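Asks: Take a look at this one; I'll ask things after.
Nothing in this text is a laboratory measurement; each read-out follows from the coordinates by a stated rule. Computed from a predicted model, the values in this text were never measured in an experiment. Here the Cβ positions follow ideal geometry from the backbone for every residue, glycine too, while neighbour counts run over all protein chains shown.
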Amino acid sequence: MTALLRTIGLRKAFGGLQVTAGVDLDLRDGEIHALIGPNGAGKTTLINQLAGEIAPDGGRIEFLGRDITRRPAHARARLGLARSFQRTSLLPAMTVMDNALAAALANHGRPWGVFRAARRDAVLRAAAQAALELTGLADAAARPVAQLAHGQRKQLDLALALIGQPKVLLLDEPTAGLSPAEGREMVALLENLKGRWPMLLVEHDMDAVFALADTLSVLVAGRIVATGAPQDVRADARAQAAYFGDEINA
Amino acid sequence: MRNWRAGLEIALLAALAAMPVIATVTAQPFWLDVATRLAILALAAAGLNIILGLGGLVSFGHAAFYAIGAYAVAIPAHHALYGGADWLASSNGLFHVALAVAAGALFALVTGALALRTKGLHFIMITLAFGQMVYFLLNALEDYGGDDGLPVDQRSELPLMSLDDPLHLFGLSFALLAVVLAFTWRLKNAPFGLALTASARNARRMRAAGLNVFTVRLAAYVLAGAITALAGALAAEHAAFVSPAMAEWTRAGELMFMVILGGAGRVLGPLTGAAAFVVLEELLSSWTVYWHLPFGLLLIAVALMQARRAA
Ligand SMILES: Nc1ncnc2c1ncn2[C@@H]1O[C@H](COP(=O)(O)OP(=O)(O)O)[C@@H](O)[C@H]1O
Ligand SMILES: [Mg+2]
């Protein structure tokens, strides 16, 4: 099967630090492709390049067979490439519902209305409501973001990514900073989304990775050192040395 | 807090609407004059409120639009009366207003397309620079009075009204203000308003949600420029005089002051802000002829506070 999302020889350096050192990565339809690696390996930087926030120094990004390397972030989102943020990126001082409505505007092709209230727009409302229900936030719709627990913020961050009916999800550590209970809830949520959305999933929690992933890649110092079925990668010596070593010894 | 503010805004709006009656009953035409000036300033600030209040962008060159709108009245009127530039000469008020709005929108489109590529302090500086550019350009227009300014010796002609009648001019100013404020009220909660305010809070997230933040902001900037140019056109009719001072950065600062004091993004904020400005100006100028100095310092403080909040 051909890849929905593909990087070819992607490179990025910050000053002298090579953070993406020739990354080739494929995300196929229907799969969850987990990306693991130690802190500072360049996972978030890779997501930021895929989403269009950071321009790579070299290499290519293809999405749905198109070269999107030079497209701006909003254009990629409109093509169906949605992302969540490691540190949640929400609209403060607004309610959960208004966050969802705002995220629905562009992807449902209606950011230009000047007369009818967005809250009364049936299309926007339906899109917002569906995403909040999917992420278990329907009951919190009227609450200001400031009142949400951290787990709920992570859920909302995910909900905002889902609202545009994307074709691919880029998720940057959806369980980061969550309590064990919140983390289990998030994993159950992602399991529920599996099959409906292909995902590139950056994740630290190995239990979550083995529960969810179809493919596993290990990024170390900007390089993919192993990629394949999770069980095979676990057995891969290089990956063990690079990453699992700590965990196995711990 | 919320309620007294809303109450004050409504009371002020009602008082402004009732001003013709008050001025007649008290036989003080001065009050009508103040009310007209207030309505025009509030309209100018209402334009800025869209980009600064809703959009969170500290545009420091907004007085340029005010001056552009004023000269769009004064120049065609000047030629209509004294000849020359036949293609531009006109005493038709509808033409003047259309020209003011179109010129304001066009200047906003061109300068906004450049300025909106920057952010934070850079955006403040570049909009200030564009404002100063207009100021110096107007000073250089020797045919139109240069730094002395240009009198409007004959006010624009409009169907069904005479702008020489203070009551008519007030009525027109107040009606346009009311329309723009009502429009802002709808806009604020409409998709475009939400896109604008959400981008002010978190542009990164809105881009990730597929929004072309740049074009939304540019549209708001054009709208803001057109509205303030409309106010400038009314100001030319009211004062029967235009001058480069209308484009000065201190005037831009005054508009910012009105928006921020009235509550950035509040629909009726420009009205209370303009009222506070007019009162403060009266008080300070009665204490000292150098009132611009403390006022300027106040403005700089307000601007810097706003810039820090936006950064
Ligand atoms: N904008 C930036 N400027 C300079 N260095 C950066 C920037 N962003 C990330 N880095 C550095 O790049 C490396 C990779 O960071 P990151 O992609 O966040 O790693 P990960 O998500 O895998 O933990 C780190 O050493 C980080 O300090
Ligand atoms: Mg990271």
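Asks: If the chain between B:Thr288 and B:Leu114 were fully stretched, how many nm would it gain, using 0.36 nm times the residue separation less the Cα-Cα distance?
Replies: Length gained between B:Thr288 and B:Leu114: 58.6 nm.
Asks: Let me ask something else about it. Using only C-alpha positions, report the orientation-averaged shadow area of the convex hull of segment A:89-164, nm², one decimal.
Replies: 4.5 nm²
Asks: How large is the direction-averaged shadow of the alpha-carbon convex hull of the protein assembly as shown, in nm²?
Replies: If you wrap the Cα atoms of the protein assembly as shown in a convex hull and average its projections, you get 30.8 nm².
Asks: Only helical DSSP H runs with n ≥ 4 go in: add -39500 (n - 2.57) per run for chain B, normalise by residue count and round the 222 nm mean residue ellipticity to 500 deg cm²/dmol.
Replies: -24500 deg cm²/dmol
Asks: Here's a follow-up. Taking the highest mean first, how do the peptides B:203-212, A:146-155 order by number of other beta carbon atoms within 10 angstrom per residue?
Replies: Result, highest mean Cβ count within 10 Å first: B:203-212, A:146-155.
Asks: Right, next: Return the calculated 222 nm mean residue ellipticity for chain A, to the nearest 500 deg cm²/dmol, obtained by summing -39500 (n - 2.57) across DSSP H runs with n ≥ 4 and dividing by the residue count.
Replies: That comes out to -10000 deg cm²/dmol.
Asks: Related question: Which of A:Lys154/B:Lys188; A:Lys43/B:Lys188; A:Lys194/B:Lys119; A:Lys194/B:Lys188 have a Cα-Cα distance over 31 Å?
Replies: In this structure, A:Lys43/B:Lys188; A:Lys194/B:Lys119; A:Lys194/B:Lys188 lie more than 31 Å apart at Cα.
Asks: Follow-up. For B:Ile50, A:Ile54, what ranking results if the residue with the fewest other Cβ atoms within 10 Å of its Cβ goes first?
Replies: Lowest to highest Cβ neighbour count: A:Ile54, B:Ile50.
Asks: Also, quick follow-up: Per residue of A:113-122, how many C-beta atoms from partner chains lie within 10 Å of its own C-beta, taken as a mean?
Replies: Average neighbour count from other chains, rounded to a whole number: 5.
Asks: Cα centroids of segment A:91-150 and segment B:105-131: how far apart, whole angstrom?
Replies: 31 Å
Asks: Right, next: Using the basic label-point model (7 angstrom from Cα toward the beta carbon), what is the B:Met161 to A:Glu53 distance in nanometres?
Replies: Calculated label separation equals 5.0 nm.
Asks: I need the peptides B:94-103, B:133-142 ranked by packing, meaning the mean over residues of other C-beta atoms within 10 angstrom, with the highest value on top.
Replies: Working: B:94-103: 19.3, B:133-142: 16.5.
Put in order of decreasing packing, that is B:94-103, B:133-142.
Asks: In the Gaussian network model of chain B, springs joining C-alpha atoms below 10 Å, which of B:Ala14, B:Ala178, B:Ala264 carries the largest mean-square fluctuation?
Replies: B:Ala14
Asks: Highest first, please rank the peptides B:239-248, A:96-105 by the mean number of other Cβ atoms sitting within 10 Å of their residues.
Replies: Top to bottom by mean Cβ count within 10 Å: A:96-105, B:239-248.
Asks: Helix by helix through chain B, keep the DSSP H runs that span 30 Å or more along the axis on Cα and average at least -1.0 on Kyte-Doolittle, and give those back in order.
Replies: B:93-115, B:166-189, B:213-239
Asks: Partner chain Cβ atoms within 10 Å, averaged over the residues of A:71-81 - can you pull that number for me?
Replies: 4
Asks: Give me the angle, in degrees from 0 to 90, between the Cα long axis of helix A:150-162 and the longest principal axis of the Cα atoms of chain A, rounded to the nearest 10.
Replies: 80 degrees
Asks: Other chains near A:84-95: what is the mean number of their Cβ atoms within 10 Å of each residue's Cβ?
Replies: Working: counts 1, 3, 0, 0, 1, 5, 3, 10, 2, 2, 5, 0.
Counting other chains' Cβ atoms within 10 Å and averaging over A:84-95 gives 3.
Asks: To continue, here is another question. Among A:Gln152, A:Ala140, A:Ala93, which residue has its Cα furthest toward the positive end of the charge dipole of segment A:89-164, with +1 on Lys/Arg Cβ and -1 on Asp/Glu Cβ?
Replies: With unit charges placed on the Cβ atoms, the residue in question is A:Ala93.
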